[in-house]
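> The structure is given below, and queries will be raised subsequently.
The values are calculated or read from the model by the stated rules, or taken from the named source; none is laboratory data. Here the structure is a predicted model, which means the values were calculated and not measured. As a convention, Cβ positions derive from the backbone with ideal geometry for all residues, glycine included, and neighbour counts pool all protein chains shown. All accessible areas refer to the heavy atoms of the entire protein, side chains included, with ligands and DNA or RNA removed. Shrake-Rupley method; radii C 1.70, N 1.55, O 1.52, S 1.80 Å.
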Amino acid sequence: MAKRDYYDVLGVAKGASADEIKKGYRTKAKELHPDRNKDNPDAEAKFKEANEAYEVLKDAEKKAAYDRFGHAAFEGGMGGGGGRPGGGFGGGNADFSSAFSDVFDDLFGNFAGGGRGGGNRASRGSDLRYNLRISLEEAFTGLQKTINVPTSVACDQCNGSGAEGGSEPTSCPTCSGMGKVRAQQGFFTVERTCPTCSGLGQIIKNPCKSCQGAGRVEKDRALSVNIPTGVETGTRIRLAGEGEAGMRGGPSGDLYIFIEVADHELFQRDGMNLFCRVPVSMAKAALGGSIEVPTIDGGRGRVQIPAGSQSGRQMRLRSKGMPALRGAGSGDMFIELAVETPVNLTARQKELLAEFDELAENNNPESTSFFSSVKSFWDSMKG
């Protein structure tokens, strides 16, 4: 079977640059890697074919020979150089380890548990989350609050090293301090985290009795947190370095405080604006007048109700809402009227309301409009 054109194998155009060739090979290697194509029996052969093409096209001299003579450049001793003894490249039996190593880290760094460098002797601690519930008043004013956070801190007995009595950790014999071990799988090599030292590259022969070699212990910590004005549910505050202590002297993680603002019995919040539903009597809504309302700062405000106000009508108190988070200005407060129907009437009250109802025939514009529309509807149905 005739060999495919190397440029076609890598999916690049003839005359492609070195970067384009490497990019094409990287794409093909990801696509054809046997570990990701276990159900495709042809994947391994195509993967070898891509490596063979890249081994030639990445080398300037081999590429020049291939561009001039094609596959014949590596057959019968014509030789593009750099192949096996005799100059032949050897086709499907080529040693492509150098080609594969060029992009190994790019392709399989995460897949194989990281690059091929030495293991980290100390690992960073985990980030922590703390949920903090505050009142709407506290969100309005801001506050300084002390919280107790259960976390891991550096062990005092070994100063975070994990070793007893000032002794030093030793290089891991399994990975020789690299933190990774290599395993041969078919025709390629995969690196994995060392199971003996968990990727640290070191082991402790005489572990600290207080922390059992971890270099950290569990402890509650009291932290002072500054809650700025204007925070709302979902606001996140980051305290750098206040998370879990690192393993064996590694840097600490961060602490993230997530704010939840509790519901309020008087005010409802929408961003920087506040809403307050205020009940008013039927007479007050009809006659108009002023009412006193509470404000979030603990003060009082006066609102003028226009005569003839209906339920749902809103009045605005400017700049009486919530302050902006880390900014200037404040939102507004909206007063929403809820006109109350009187209950538990006395005989005299019922008598007065009945008399009023007889006299108020033309004082209910919405009712007049509605029943006029109803009459027109019924008339049209009769017609």
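> May I ask you to rank Asp263, Asp42 by accessible area, largest first, using a 1.4 Å probe over the protein chains only?
Values: Asp263 150, Asp42 85 Å².
Greatest to least solvent exposure: Asp263, Asp42.
> OK, next. Length gain on complete extension for the stretch Gln310 to Ala18, per 0.36 nm per residue less the alpha carbon to alpha carbon distance? Before the final figure, lay out each step's value.
On the way: separation 292, 0.36 × 292 = 105.12 nm, distance 7.70 nm.
Length difference between fully extended and current span is 97.4 nm.
> Ignoring ligands and nucleic acids, what accessible area does Met247 show with a 1.4 Å probe (Å², nearest 10)?
Rounded to the nearest 10, the figure is 50 Å².
> Related question: Would you mind working out the accessible area per residue for the range 185-231, using a 1.4 Å probe, and quoting it in Å²?
Working: 2410 Å² over 47 residues.
Roughly 51 Å² per residue, with all protein chains present.
> Rounded to the nearest 0.05, what FRET efficiency is calculated for Ala64 and Thr27 with R0 set to 30 Å and r the Cβ-Cβ distance?
Working: r = 24 Å, r/R0 = 0.80.
The calculated FRET efficiency here is 0.80.
> Can you list the lysines whose alpha carbon sits under 23 Å from that of Lys145, skipping same-chain ones fewer than 8 residues off?
Hits, sequence-local ones excluded: Lys219.
> With every protein chain present, what accessible area does Arg192 have (1.4 Å probe, heavy atoms only), rounded to the nearest 10 Å²?
Approximately 100 Å² of Arg192 is accessible to the 1.4 Å probe.
> Sticking with this structure for a sec: My understanding is that a pair violates if its Cα-Cα distance is over 23 Å; which of Lys22/Lys48; Lys22/Lys180; Lys14/Lys38 do that in this structure? Could you put the intermediate results ahead of the total?
Numbers: Lys22/Lys48 15 Å; Lys22/Lys180 26 Å; Lys14/Lys38 32 Å.
Violating the 23 Å Cα-Cα cut-off are Lys22/Lys180; Lys14/Lys38.
> State, to one decimal in nm, how far the label point of Asn226 lies from the label point of Leu266, with both points 7 Å from Cα in the Cβ direction.
Distance between the two pseudo-spin positions: 3.0 nm.
> When the chain is fully extended, how far beyond the present Cα-Cα distance does Arg302 get from Ala360, taking 0.36 nm per residue of separation? Intermediate values should be presented prior to the final figure.
Working: separation 58, 0.36 × 58 = 20.88 nm, distance 2.97 nm.
Separation in residues times 0.36 nm, less the Cα-Cα distance, equals 17.9 nm.
> Quick one: accessible surface of Ser167, probe radius 1.4 Å, all protein chains present, in square angstrom to the nearest 10.
So the heavy atoms of Ser167 present about 40 Å² to solvent.
> Full extension from Gln349 to Leu287: what is 0.36 nm times the residue separation minus their Cα-Cα distance, to one decimal in nm? Don't jump to the answer; show the numbers that get you there.
On the way: separation 62, 0.36 × 62 = 22.32 nm, distance 1.76 nm.
Residue separation times 0.36 nm, minus the Cα-Cα distance, leaves 20.6 nm.
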